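The values are calculated or read from the model by the stated rules, or taken from the named source; none is laboratory data. Everything numeric in this text was worked out from a predicted model, so none of it was measured. Every residue, glycine among them, receives a Cβ derived from its backbone with ideal geometry; neighbour counts consider all protein chains shown. Note: areas computed on protein heavy atoms with side chains; ligands, DNA, RNA excluded. Shrake-Rupley method; radii C 1.70, N 1.55, O 1.52, S 1.80 Å.
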Amino acid sequence: MLVTVILIFACIVISYLRHRQNVKLLCSVSTPDRGTRSERRLVVKMLRRGVHPKAIFHDLYLQKRNGEFSQVDIVVATPQGLLAIEVKDYSGWLFGNEKQRYWTQVLNYGKEKYRFYNPIMQNAGHINALREQSEQIAHLPIFNVVLFAGNCTLKNVNYWADNTFVGYTSNISYVLKKVNEFCFAQYTDKREVARVLRRAVENGNDPDIVANHMASVQRKTVRQPQPTISWTPRFFRINWRRLMRY
């Protein structure tokens, strides 16, 4: 009994110390209240894999030429170019390819299907906003990286572009390794790139910018078609557990 208590206490202490260490790592790049939990965990994973804190930029708000802002989850500056990372939290089975405007999410053993906007296309919009920030960035290689968190399975997701990667947040080491195989990018002024990206991060501290961006996203969402493809009405669903109980 005493051994069990000691083991439980040791696990709690180790878990607490690891959490403190993760928070300390995160604070070298971002803050515990920026972005989503999955984004913050991904930042910590990259730091633990040796990515320099000054190379990671989290929760950026890039002003576009039309005055609106584009929000990018994470940008990583590498010798091969920039990684624009879109982090998605989904459950269920996911289907889609690079060319389809909408992908499909399947839940409840196929009884519920939902459409969501192609995240590769969504991130391509973020990349366009990145290219608008400076002439140097406009000519840099930018990799389109979409990583899924949560309890989801990519059942039939296809893409063909060499600069595109789709997978899970646990695949970040593979993504960094594959990017490392590309040729070095022709940076003319790395400080300017860092300055532009830091300014985009600082934009996220402005509540007016964040509020206006959220309002813009909501307006665009209203104009999109109903995402539900099909579902089984509750009237026809059978509660098997209740039937087995009697």
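Observations on the model:
- Qualifying positions in region 49-62 - open to solvent by 40 Å² or more (accessible area, probe 1.4 Å) and either at pLDDT below 95 or within 17 Å of Val179 (Cβ to Cβ) (or both): Arg49, Gly50, His52
- Members of region 189-219 found to be surrounded by 11 or more Cβ atoms within 10 Å (Cβ to Cβ) and in a loop (DSSP other than H, G, I, E, B), listed by number: Gly204, Asn205, Asp206
- Within region 47-76, residues that are within 15 Å of Cys27 (Cβ to Cβ) have Cβ atoms under 9 Å from residues that are basic (Lys, Arg) and open to solvent by 40 Å² or more (accessible area, probe 1.4 Å) in these pairs: Phe57/Arg198; His58/Arg40, counting only partners at least 6 apart in sequence or on another chain.
- The one condition from (1) assigned to a strand (DSSP E or B); (2) of a type in the set (D, E, K, R); (3) exposed (fewer than 15 other Cβ atoms within 10 Å of the Cβ) that Lys99 does not meet is (1).
- Within region 132-169, restricting attention to residues that are without any contact (Cβ under 8 Å) to a residue 40 or more places away in the chain and assigned to a helix (DSSP H, G or I), the residue that is least open to solvent (accessible area, probe 1.4 Å) is Ala138.
- Whichever residue in region 175-188 is open to solvent by 60 Å² or more (accessible area, probe 1.4 Å) and among the aromatic types (Phe, Trp, Tyr) and, among such residues, is nearest to Phe148 (Cα to Cα): Phe182
- Answer residue from region 104-131, given it is of a type in the set (D, E, K, R) and either in contact with a Pro (Cβ under 9 Å, 6 or more places away or on another chain) or in a loop (DSSP other than H, G, I, E, B) (or both) and is surrounded by the fewest Cβ atoms within 10 Å (Cβ to Cβ) among those: Lys111
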